[in-house]
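To start, the structure under review is shown below, and the notes come after it.
Readers should treat all values here as calculations from the given coordinates under stated rules, not as data from a laboratory. What you see is a predicted model; the values in this text were computed from it and never measured. Counting neighbours? That spans all protein chains shown, and the Cβs are built from the backbone with ideal geometry, glycine included.
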Amino acid sequence: MSLAALERAAYDLGVDAGRRKLFREDPAAFLAGYRLTGHEEAMLRGFDVRGLQAVGLNPMLTMGLWTTSAPDRSIGAYLAALNPTRS
């Protein structure tokens, strides 16, 4: 695992509209630009913010990833993804 590669991918999705578009249209092409494991790629594709934070990804990067790229970009959905037992 390379935390630096995960951070770069999350950062790029958070700040670069062109990279977000590529991720939406061809996730494999986007992810090919980073040295990620299959598990890391799956966490990004699945917006597994809880898992990403567990491996050390900065919480601000996970929030940026979520609010710019997730299917439901609401803060409520983000908080529910972080804590699935929250009611």
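General remarks:
- Region 3-82 shape via C-alpha gyration tensor axes, a/c threshold 1.5: oblate
- Rounded to the nearest 500, the 222 nm mean residue ellipticity of the chain from helices alone is -19000 deg cm²/dmol, with -39,500 (n - 2.57) taken per DSSP H run of at least 4 residues.
- Other residues with beta-carbon under 11 Å from the beta-carbon of S2 carry, at +1 per Lys or Arg and -1 per Asp or Glu, a net charge of 0.
- Model label sites at T68 and K21, defined 7 Å from Cα along the beta-carbon direction, differ in position by 1.5 nm.
- Approximate spin-label separation I75-V55, in nm, with each point projected 7 Å along Cα-to-Cβ: 2.8
- 3J(HN,Hα) from dihedral phi, region 42-56, Karplus parametrisation 6.51/-1.76/1.60, rounded to Hz, x for glycine, proline: 5, 5, 5, 4, x, 6, 7, 5, 5, x, 4, 5, 5, 8, x
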